[in-house]
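What follows is a single structure, written as structure tokens, with notes after it.
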Amino acid sequence: MLRSSRERGVTTLRREDAEHHATDRKRSTTSTSTVTVVGIGYVGFPLALQSARSGYRVRGVDSNLEYVQSVSAGAAPIFLEMGDARYFRQHIQDIKITHRILGPSDVFIVCVPTPVLPDKMPDLEPVVSAAHQIAPHVRKGSLVIIESTVSPGVCDDIILPILERGSGLIAERDFLYAHCPERINPGDPVWNVATIPRVLGTAGKKSDAAAIAFYSSVIDAPIQLMHSVREAEAVKMVENSFRDINIAFVNELAMSFGKAGLDTVNIIKGASTKPFGFMPHFPGCGVGGHCIPVDPYYLIAYGEQNGFHHRFLALAREINNAMPHYTVGLLETELSRCGIALESARVALLGLSYKRDITDTRESPALEIEAILAHSGAEVASYDPFVAHRSSARTLEDALAGSDGVIIATNHSAFERLVPSDFLQHGVRVVVDGRNCLDKNAFVDSGVAYLGIGR
Ligand code: SAJ
């Protein structure tokens, strides 16, 4: 059993200590130290680029051969923020992208997805596969960091044994080992891989120092050293489950207040004037992304393996998962009031990605809404400027033309400017604003019925 850092007397690392480590590391890494990032998607790619900016020789490894070939040829991934895409194009020769690990590396970082299976149980296959790939290349002094989001115990009880068996080495004694859960907020103009504070859990004092030195040389943000790897795993679970239950709370409020004609969004904004003890979340047509709707299931499974049932987390997931159906129900009821049956209606679905102005459709409620509409017999014209390849309509006008109803599932900036005449001119009768992003007052007496989520 690895000794916790509390036993090692290390709790919170002060910034200047980290800087001291960083100075040493920066001096020694500028030209020769190699960082190998396994999994170069939304999480791994920005981290690989930031490591290259910090002077490391960087290798990126990904299991998707077609993706590796495309990126190696210089095609910047569509999810990269502009600054990262520009840096990548200018420094493509500094980053070697391959399908398999090339060999030993001073630092290995695992950034592969940790999704859930259809039965909502954790799918650890990608992270286990990454560990098997890395293990034969781990040498004395290598630093292995797991950034993928996992529940407490996965790093120590599942990943570490693979690394030790495959390398013939022992963590902390021979190689250094840490968990630093990823914190990426796609589309955020302020918080990015260089500025987001991080938490760390490691295998011991030597691993503390090496991991702190590495992150201090790559990011400009505080690093909080936790008492153990398990605590660091739990931190990520807690922060994302916190968000999911709070979204479920306001979604339930929206379904309740919607029946009473109250404006839930305005009420939440009112509650936000309280300067303490309240953090606003807002209702919507569902919860998407690779974090928020997934991580609570890892925590639920962790509880079950310890003989505890997370009733609250499970109920929050149930409420959030019901929002796509709730949203389609609003449209069906209002169309029926107009004498239009959903199964014979044409519906424009605006937005496919899970979040504003990004391309990511993982776990997107818009896709669930699209399936529900199609299952009901409605003709669906989907349009998302960020997901053109997946849209059935080439333009917004094509999607709206001849549509009886509209569901806005993503609050892309292109949709927020829509006004009633944009719908009226195409004969649209009902607009369901799944992200409460339009001016509902503009629709009063407009001839187009407006329904928000809870407003
Ligand atoms: N959503 C709501 N109501 C809200 C907030 C979000 O319905 O009040 C929906 C969004 O529309 C989306 C989903 O939830 O479909 C997730 O939204 P998100 O803003 O949480 O976006 P993510 O998935 O990019 O979350 C990331 C997370 N970062 C990491 O896991 C490292 C999360 O921890 C952050 O809290 C979040 O960004 C953030 O703060 O924006």
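Every read-out reported here was derived from the displayed coordinates using simple, explicitly stated rules and does not represent laboratory data. No experiment lies behind these values; they were computed from the predicted model shown. All Cβ positions, even for glycine, are placed from backbone atoms using ideal geometry, and neighbour counts span all protein chains on display.
Per-structure values
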| quantity | calculated |
| --- | --- |
| Segment 346-425 - percent relative contact order, Cα under 8 Å, separation 6 or more | 41 percent |
| Projected label distance in nm at Leu262 and Asn185, using a 7 Å step from Cα toward the beta-carbon | 2.8 nm |
| The chain: antiparallel DSSP beta bridges as a percent of all, rounded to 5 | 5 percent |
| Space enclosed by the convex hull of the alpha-carbon atoms of segment 58-201, per residue, Å³ | 131 Å³ |
| Segment 334-425 - Rg and Dmax from Cα coordinates, angstrom | 12.6, 36 |
| Reduced Cα scattering model of segment 393-455, Debye log10 I(q)/I(0), q = 0.14, 0.22, 0.25, 0.26 Å⁻¹ | -0.33, -0.87, -1.14, -1.23 |
| Lys, Arg +1 and Asp, Glu -1 on Cβ, resulting dipole of the chain about Cα centre, debye, nearest 20 | 1340 debye |
| Over segment 237-389: Kirkwood hydrodynamic radius from C-alpha pairwise inverse distances, Å | 17.0 Å |
| Cα centroid of segment 211-235 to Cα centroid of segment 29-98, whole Å | 22 Å |
| Principal semi-axes in Å for segment 184-231 [√(5λ), Cα gyration tensor, largest first] | 23, 12, 7 |
| Candidate lysines for bridging to Lys120, where Cα separation is under 22 Å - those fewer than 8 sequence places away on the same chain excluded | Lys236, Lys355 |
| Gain in span if fully extended, Cys338 to Phe312, counting 0.36 nm per residue against the direct Cα distance | 5.5 nm |
| Cα pair distances of segment 106-160 binned at 5 Å [whole percent] | 4, 19, 30, 24, 13, 5, 3, 1 |
| Projected-area mean, segment 270-346, by convex hull of Cα positions, square nanometres | 8.6 nm² |
| Dimensions in Å of the chain - Rg and Dmax from alpha carbons | 24.1, 74 |
| Ranking of Ile319, Ile159, Ile245 by count of other Cβ atoms within 10 Å, fewest first | Ile245, Ile319, Ile159 |
| Cleavage-rule hits (trypsin sites (Lys or Arg not before Pro)) in segment 384-448: DSSP loop, at most 15 neighbouring Cβ within 10 angstrom | Arg394, Arg417 |
| Quotient of C-alpha Rg and 2.2 N^0.38 Å, computed over segment 297-384 | 1.38 |
| Cut-off 19 Å, label 7 Å out along Cα→Cβ of Ala271, residues of segment 277-313 by amide N | 277-287, 312-313 |
| Label point distance in nm, Gln305-Ala374, each placed 7 Å from Cα along Cα→Cβ | 3.5 nm |
| DSSP-defined beta bridges in segment 34-173 - what % are antiparallel, rounded to 5 | 5 percent |
| Estimated [θ] at 222 nm from DSSP helical runs (n ≥ 4, -39500 (n - 2.57)) normalised by residues in the chain, nearest 500 | -12000 deg cm²/dmol |
| Residue order, fewest to most surrounding Cβ atoms within 10 angstrom, among Arg230, Arg362, Arg173 | Arg173, Arg362, Arg230 |
| Stretchable slack from Glu172 to Asp119, in nm (0.36 nm times residue separation minus alpha-carbon distance) | 15.4 nm |
| Rounded to whole Å, sorted largest first: equivalent-ellipsoid semi-axes of segment 43-130, Cα gyration tensor | 24, 15, 13 |
| Hull shadow area, averaged, segment 223-268 [alpha-carbon convex hull, nm²] | 4.2 nm² |
| Separation of the Arg86 and Ser421 label points, Cα + 7 Å toward Cβ, nm | 3.7 nm |
| Fewest-first sequence of Phe276, Phe282, Phe312 by Cβ atoms within 10 Å of each Cβ | Phe276, Phe312, Phe282 |
| Mean shadow area of segment 135-279, taken as a quarter of the surface of its Cα convex hull (nm²) | 11.3 nm² |
